[in-house]
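Notes follow the structure.
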Amino acid sequence: MDSRTALMGLSFVVMWSSAFTSARIAVADAPPFLLLSVRFAVSGVLAIAIARMLGQRMPMNAATWWAVIVFGICQNTLYLGLNFTAMQTVEASIAVIIASALPLVVAAARWALMGERLRWVGVAGLAAGLGGVLVIMSARLSGGADPFGVMLCLGGLLALTVATLMVTGASIGGNVLMIVGLQMLVGSLTLLPLSMAFEVWTVNWTASLVLAFVYTTLVPGLAATVIWFLLVKRIGATRASSFHFLNPFFGVAIAAIILGEALSPRDYLGVVVIMAGIWGVQRAYQHPS
């Protein structure tokens, strides 16, 4: 792996992992659906405007539009909508640990539903990853974590798994920014009516809200998504996904440093086991039998 690829991967990991901490800060002062709808509108318009200046065009085939709509709804409306709602009552470290299990869940679904063969190291990785999540979740739930919030995070994880399975292999050509912007607008347009129906639009305008919103919109929301698409295009989805095994560590570390969330020895153990599990699964896919 060359240095540029490594830098892109690490940049994505840090940006993606920090999103949970900034979201936790933001939802303390604004309704989650409204916050996300505005965020996606801003990010989407910026991405499309930049894409047009770079000469990128709207997708012309039905398959790409289908991928944009499905991914926009599953990732932005369901996954992030449920996670932002959950983080009103659960810590950012819990949300990031659950979300970090995505490679494990996707691999398990491919194995169970699609009959994909998985080497022994992959099977061991799935078992280890699940064990790590259970270690942390059992400790957090017994320590008073909101069970409903945890269920919302799990629902978001399943939604993103569906999106990943359905749009894998969708062709985006060179129109990365355009696709990113369009799927964000899908999220904005679907979250707005949900906010109007279920939320009271009371916003506490604080400096922390403004900073968290700007950061979440531009860094994890726009920059990280673009870097991820470019990374996948550069080295392929399987190799790019190997960077996900760093997400639990960075996500928990950032939440602990910025939010002061307490970590127990069981949390450290669980994070290490999850990272090892994700590494095992990615190793299995990189070297199929």
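Here are a few things to note about the model shown:
- At most 11 other Cβ within 10 Å, DSSP loop - chymotrypsin sites (Phe, Trp or Tyr not before Pro), region 42-83: none
- Listed by number, the DSSP H helices of the chain that run 20 Å or longer by alpha-carbon position along their axis and have mean Kyte hydropathy of at least 0.5 are 3-26, 32-53, 120-142, 147-167, 176-198.
- From helices alone, the chain scores -24000 deg cm²/dmol at 222 nm; the rule is -39500 (n - 2.57) for each run of n ≥ 4 DSSP H residues, then divide by the residue total.
- Computed lengthening from W120 to I257, 0.36 nm per intervening residue step minus Cα-Cα distance: 45.7 nm
- Hydrodynamic radius by Kirkwood, which averages 1/r over all alpha carbon pairs of region 130-231, in angstrom: 17.1 Å
- For the pair M53 and V272, the difference between a 0.36 nm per residue extended length and the Cα-Cα distance amounts to 74.5 nm.
- Once the chain from A127 to D2 is taken as fully extended at 0.36 nm per residue, the excess over their C-alpha distance is 41.9 nm.
- As a calculated quantity, the FRET efficiency between R283 and V203 at R0 = 35 Å, using C-beta atoms, amounts to about 0.15.
All of the numbers you see were taken from the coordinates with simple rules; none came from a lab. It should be emphasised that the depicted structure is a prediction, and the values quoted were computed from it without experimental measurement. Note that each Cβ is placed from the backbone with ideal geometry, even for glycine, and that neighbours are counted across all protein chains shown.
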